[in-house]
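My questions will all concern the structure given below.
The values are calculated or read from the model by the stated rules, or taken from the named source; none is laboratory data. Since the structure is predicted, the reported quantities are computational estimates derived from the model, not experimental observations. Because the Cβ atoms are built from the backbone with ideal geometry, glycine has one as well, and the counts that use them run over all protein chains shown. Ligands, DNA and RNA are stripped out before the accessible areas are found, and what is left, the full protein with its side chains, is counted by its heavy atoms. Shrake-Rupley method; radii C 1.70, N 1.55, O 1.52, S 1.80 Å.
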Amino acid sequence: MNLSRIRRSSTAGLLPPFLLTSQTRARSSSLVRALVLVPALAFGVACSRPPASSVPANVVLSETQSTRGMVVSASAIASNAGRDVLAAGGNAVDAAIATGLALAVTYPTAGNIGGGGFMVIRFPDGRTTTLDFREMAPAASSPNMFVDSTGAYSASRHHNTHIAVGVPGTVAGFALAHSKYGSREWKSLVEPAVRLAVDGFVIPEGLAGSLRGTRNKLARYPASLAAYYKNGEPYAAGDRLILSDLGRTLERIRDNGRDGFYTGETARLIVAEMERGGGLITAKDLAGYQAKERPAVRGTYRGFEIISMPPPSSGGVAMIQMLNILEGYDLKSAGHNSPRYIHLVTESMRRAFRDRAQHIGDPDFVKPPVDKLTSKAYATELRKTIDENRASVSRATELVADYESDETTHYSVVDANGMAVSVTYTLEAGYGLGAVVAGAGFLLNNEMGDFNGKPGLTDSTGLIGTAANVARPGKRMVSSMTPAIVAKDGKLVVVTGSPGGRTIINTVLQVVLNVTEFGMPIDSAVAAARIHHQWLPDRLSIEGDGVPASTVSALEAMGHTVRMGGRQGTAHSIHVDSRGVRTGGPDKRDRDAGAAKQ
Ligand code: DON
């Protein structure tokens, strides 16, 4: 990697005219300062620049609105790091890298350098691409690796031991993103995370509560206890958290790029951790890790373009499949979260999740029929199997596991030029395996748990045994992560995504429907109660107390088994209106979330 390279992809000429018009800027600047500065400071964001000329001068921009850049993530501190990169002239990819690395410090639940994920990019001219930095199975992996000595499937081996750790992909993914599409010096993107780790940061309420709640899990590993607890006891909100070992690892990444993680001292520490914990990852596995660029999976919904992640994520394919099915119904007349709406959305979920279980795997090993699954013709066939008044029955020879917690994280970035980046990345469970690499200070994933547990074992507890997703050396495990971008008539409309295991796909589907079908503003689209059905278990979950009892009764009368309660993922999103105003939609389900505007 060329660490000194400053700027590769010129965006000159792509600037929307409004960004070049200083006259209007001058005219409106004092008004805007008055209207924007006070709430912006109250919200902890930087001073906004004046609005675009296409935005009438009397339009009041709220603290989560900007005509320039916007970053929305689970951690206001990390959003600010990304916003600062935008303010220094970086593009959305630069900001996404800085935000992602900052989240690895301030949001240890899921922000990471020891995990993996996906990035979807839409360029200002409408081109799209994706980067796959999903973890890979170590060379010593095999389909039966989660089976114990008696031949029985072992959930513990699958999820809670060092063999559940996949070769991390995040640093390679960010390095690839930077080398292909970044514009600022790599070091300047890593430095904010270094500073947060080395100098420390003030622990916000959400993180303090989260660390309190996860103490027993992390206490199994001395390095985790030492890193995240004060003499073994939880920190309080307002305390300063300094992560010195993590800071040194980030310095190596800052100074040596991907090599600072996959070779040298960091790699040595990872291998030592594997040897101590009985894990499989070797120096060769680390050196051989490859992030990959893949074409986005694309669909349409009532004239909106849907852009998302292809396999090894199942998210984009399943969401487009569901949207195709739903396009055949008049959902608006049915009404948001009405019994008919929930029924039709549920039946589309049921069918997409069945196909997901059957077909999706790492495309470097199996050939998921993406074109068929995302075609309008296939959706028409599936629609014929839906009874508009009666729930179908999911029949098991195949089931969907319930093992994920709701601890991945999604963040969204839009820059002043309209470049959009949608990133979902994860350690799998909250805090991953729970193990910090001793001496290197970062948490390891337990992503191997996303491979099928045992070949042929499909049962009513939620295991899938299909061939497409068994572990093999160098293979990527199927994901549900669904970083997504919506555009219309060549213009960016929404950047979204979510954590939440299999609920991810359905959360993103509903945010997209809330905006495209029901015209909700982004904060309402994100906040609205959501539903989830994943084929099997054959159960319809409805978030919180999201619908009235009469709706539940109507759904039960149709044959649905309804479970109320629970919480789906935090879909930190951005909406861009026809004037170019970006509105951040931090999902308030995350206490520390924040939008930072340029
Ligand atoms: O890749 C996946 O689909 C899962 N490992 C994501 C895990 C997750 O979302 C857990 N919590 N949100």
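Under a 1.4 angstrom probe, counting protein chains only, how are 589, 276, 184, 356 ranked by accessible area, largest first?
Result, largest first: 276, 184, 589, 356.
Hey, another quick one. Out of the trypsin sites (Lys or Arg not before Pro) in segment 80-147, which ones are loop residues according to DSSP with at most 12 other C-beta atoms within 10 Å?
127
What is the calculated FRET efficiency for residue 332 to residue 488, with r their C-beta to C-beta distance and R₀ = 22 Å, to the nearest 0.05?
FRET efficiency, residue 332 to residue 488: 0.85.
In Å and whole numbers, how far do the C-alpha atoms of the chain stretch along each principal axis, longest first?
Principal extents (Cα only, largest first): 72, 60, 42 Å.
Using 0.36 nm per residue of separation minus the Cα-Cα distance, give me the extension gain between residue 377 and residue 226 in nm, one decimal.
Gain on extension, residue 377 to residue 226, equals 48.8 nm.
Let me ask you something else. Under a point spin-label approximation (7 Å from Cα along Cα-to-Cβ), what is the residue 199-residue 518 distance to one decimal in nm?
If labels sit at residue 199 and residue 518, their model points lie 4.3 nm apart.
Would you kindly state how much longer the chain becomes between residue 152 and residue 139 on full extension, computed as 0.36 nm times their sequence separation minus their alpha carbon distance, in nm to one decimal?
Stretched out fully, the residue 152 to residue 139 stretch lengthens by 2.4 nm.
Taking R0 as 25 Å, what's the FRET efficiency between residue 290 and residue 265 from their Cβ-Cβ distance, rounded to 0.05?
0.70
Also, quick follow-up: For segment 334-397, treating each Cα as an identical point scatterer without solvent, what Debye log10 I(q)/I(0) comes out at q = 0.12, 0.17, 0.27 1/Å?
So the normalised log intensities work out to -0.37, -0.69, -1.21.
Shifting gears a bit: Over segment 544-584, one equal point on each Cα, no solvent: what is log10 I(q)/I(0) by the Debye formula at q = 0.19 Å⁻¹?
These q points yield log10 I(q)/I(0) values of -0.67.
How much solvent-accessible surface does residue 210 expose, in Å² to the nearest 10, with a 1.4 Å probe and all protein chains in place?
The accessible area of residue 210 comes to roughly 40 Å².
Please give the length that would be gained between residue 545 and residue 578 if that part of the chain were fully extended, namely 0.36 nm times their separation in residues minus their C-alpha to C-alpha distance (nm, one decimal).
Full extension of this stretch gives 8.5 nm more.
In whole percent, what relative contact order does the chain give with Cα contacts below 8 Å and a gap of six or more residues?
For the chain, the relative contact order is 23 percent.
Grab the other residues whose beta carbon is less than 11 angstrom from that of residue 235, score K and R as +1, D and E as -1, and report the net.
+2
Given a 1.4 Å probe and the protein chains all in place, what does the accessible area of residue 376 round to, in Å² to the nearest 10?
Approximately 80 Å² of residue 376 is accessible to the 1.4 Å probe.
Let me ask you something else. Could you sort 154, 333 by their accessible area in this structure, using a 1.4 Å probe and putting the largest first?
333, 154
Could you name the lysines whose alpha carbon sits less than 25 Å from that of residue 488, not counting residues in the same chain fewer than 8 places away?
In chain and number order, the partners are 332, 372, 376, 597.
Per-residue accessible area for residue 354 at 1.4 Å probe radius, Å² rounded to 10?
Spelled out: residue 354, probe radius 1.4 Å, area about 80 Å².
Another question, if that's okay. For segment 264-318, with equal point scatterers placed on the C-alpha atoms only and solvent neglected, what are the log10 I(q)/I(0) values from the Debye formula at q = 0.21, 0.26, 0.30 1/Å, to two decimals?
-0.78, -0.95, -1.10
Ok, one more. Counting helices only, and only those DSSP H runs with n ≥ 4, report the 222 nm mean residue ellipticity of the chain as the sum of -39,500 (n - 2.57) divided by its residues, in deg cm²/dmol to the nearest 500.
-10000 deg cm²/dmol
Ok, one more. Determine the relative contact order of segment 484-598: mean sequence separation of Cα pairs under 8 Å and six or more apart, normalised by residue count, in whole percent.
Averaging sequence separation for qualifying contacts and normalising by length gives 27 percent for segment 484-598.
When the dipole is taken about the Cα centre of the chain, and only Lys, Arg (+1) and Asp, Glu (-1) are charged at their Cβ, what size is it in debye, to the nearest 20?
Computed charge dipole of the chain: roughly 1040 debye.
Using per-residue counts of other Cβ atoms within 10 Å, averaged over each peptide, order 98-106, 560-568 from highest down.
Sorting 98-106, 560-568 by mean packing, highest first, produces 98-106, 560-568.
Would you mind counting up the charge near residue 435? Only other residues with Cβ under 12 Å from its Cβ, with Lys and Arg at +1 and Asp and Glu at -1.
+2
Over 10 Å intervals from 0, what percent of Cα-Cα pairs in segment 501-598 sits in each interval?
Values per bin, smallest distances first: 15, 42, 30, 11, 2, 0.
Now a separate question. Show 457, 61 ordered by accessible area, largest first, where the area counts protein heavy atoms only and the probe is 1.4 Å.
Ranked from most to least accessible, the order is 457, 61.
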